[in-house]
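Data first, discussion second: the structure below is written as structure tokens.
FYI, it's all coordinate maths here, none of it is from the lab. These figures come from a predicted structure and were not determined experimentally. Cβ atoms come from the backbone with ideal geometry, glycine included; neighbour counts cover every protein chain shown.
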Amino acid sequence: MLKLRDLDVFYGDAQALWDVTMEVHKGEIVTLLGSNGAGKTTTLKTISGLLHPRKGEIFLDHIRLDKIEPSNIIKYGIAHVPEGRRLFPNMTVMENLLIGAFHAGAWGSRFDTIQGIYTLFPILAERKKQLAGTLSGGEQQMLAIGRALMSEPTLLMLDEPSLGLAPKVVETIFQVISDINKKGTTILLIEQNAHLSLQVAHRGYVMETGRISLEGKASELMADEYVKKAYLGM
Ligand code: ATP
């Protein structure tokens with residue numbers, strides 16, 4: 001479904017990614033693991049068109065994605081839940097959700113889609129008239145995921161959904177990620193918490209200093225001695 005081939009990405013003169021090659025197959029949850037500054041967010045931003053690779057190609061099925069403007073990427077079925085959530089704090093939960101549907105393909109079905117999101121996250125239905133800025137961190141993460149789902153994506157990309165949240169909330173969020181995937185959405189998940197992400201993912205990649213250093217089935221990575229030591233604290 002998604003193919004990244006030999007990507008080199010720079011911030012000005014500073015290179016952040018070297019020869020990044022990875023694939024996400026339809027129906028999978030793929031996790032990209034790595035410590036702070038490894039290049040995970042840069043990879044997602046490049047897929048979303050916010051950064052342009054200096055070398056390499058990105059394909060979504062047969063579409064050359066790295067030639068498409070970021071504002072149009074969503075029309076190809078890709079939604080990105082950014083690190084830090086980027087909600088509109090002075091707008092209500094429902095208004096934030098509606099913004100997620102604001103492109104031609106998803107607007108007509110927005111009220112049906114919202115009902116589906118309220119089923120996934122019942123707390124958002126209870127809080128639908130509340131300002132987003134007054135929600136707890138966990139509720140804000142749920143809203144950020146809900147807003148991305150409003151565009152009815154085929155590929156959902158999540159950047160560190162567990163960041164700063166209490167373990168119980170993280171458990172709920174990961175359960176929902178798994179449910180969303182079972183309903184047919186392909187997921188690319190960036191996480192520092194390798195325990196969680198390898199439990200939910202089918203396959204994974206490990207990124208270190210801007211390069212992919214390891215890849216495999218989630219079960220293989222969990223059993224890998226290096227991954228155990230470096231990422232699972234075992
Ligand atoms: P984190 O979990 O801390 O976000 P990450 O794996 O997502 O880590 P990136 O944010 O992709 O890492 O950063 C990769 C490299 O690019 C790092 O060396 C970082 O310092 C650098 N970098 C990131 N954003 C910028 C920027 N706006 N300008 C210059 N360098 C940047």
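Our summary of shape: the Cα atoms of the range 84-152 have principal axis extents of 30, 21, 19 Å, ordered from largest down, in whole angstrom. Restricting the GluC sites (Glu not before Pro) of the range 191-234 to loop positions (DSSP other than H, G, I, E, B) with no more than 10 neighbouring Cβ atoms within 10 Å leaves nothing.
Our summary gives the chain a relative contact order of 28 percent, counting only alpha carbon pairs under 8 angstrom and 6 or more residues apart. The order of Lys183, Lys3, going from fewest to most other C-beta atoms within 10 Å of their C-beta, is Lys183, Lys3.
The modelled label-to-label distance for the pair Asp224/Phe88, using points 7 Å beyond Cα in the direction of Cβ, is 4.2 nm. Comparing Thr31, Thr119, Thr185 in a Gaussian network model of the chain (Cα springs below 10 Å), the most mobile by mean-square fluctuation is Thr119.
With a threshold of 29 Å on the Cα-Cα distance, the over-threshold entries among Lys67/Lys182; Lys26/Lys129; Lys182/Lys217; Lys45/Lys129 are Lys67/Lys182; Lys26/Lys129; Lys45/Lys129. Counting only DSSP beta bridges with both residues in the chain, the antiparallel share comes to about 55 percent. A simple spin-label model places pseudo-atoms 7 Å from Cα toward Cβ; at Lys183 and Leu232 they are separated by 3.1 nm.
In straight-distance terms, cross-link reach from Lys40 covers every one of the aspartates and glutamates whose alpha-carbon lies under 12 Å from its own, apart from those fewer than eight places away in the same chain; here that gives Glu83, Asp159, Glu160, Glu191, Glu208.
As a rough footprinting exposure proxy, the listed residues Ile117, Ile73 were ranked by other beta carbons within 10 Å of their own, and the order from fewest upward is Ile73, Ile117. Between the range 27-95 and the range 106-157, the alpha-carbon centres lie 18 Å apart. If I build a Gaussian network model for the chain, linking alpha-carbon pairs within less than 10 angstrom, which residue out of Gly100, Gly164, Gly216 has the largest mean-square fluctuation? Between Gly100, Gly164, Gly216, it is Gly164 that shows the largest mean-square fluctuation.
Across Glu69, Glu28, Glu139, mean-square fluctuation computed from a Gaussian network of the chain (C-alpha pairs under 10 Å connected) peaks at Glu69.
With both labels modelled 7 Å from their Cα along Cα-to-Cβ, the Glu57 to Ser35 distance reads 3.5 nm.
Cross-link reach is defined here as a Cα-Cα straight distance under 18 Å, omitting same-chain residues fewer than 8 places apart; for Lys3 the aspartates and glutamates meeting it are Asp19, Glu23, Glu28, Glu57, Asp61, Asp66, Glu69, Glu215. Note on the range 84-152: with charges restricted to the Cβ of Lys and Arg (+1) and Asp and Glu (-1), its dipole about the Cα centre is near 160 debye.
Global size of the chain: 17.2, 50 Å for Rg and Dmax (C-alpha atoms, Rg to one decimal, Dmax whole).
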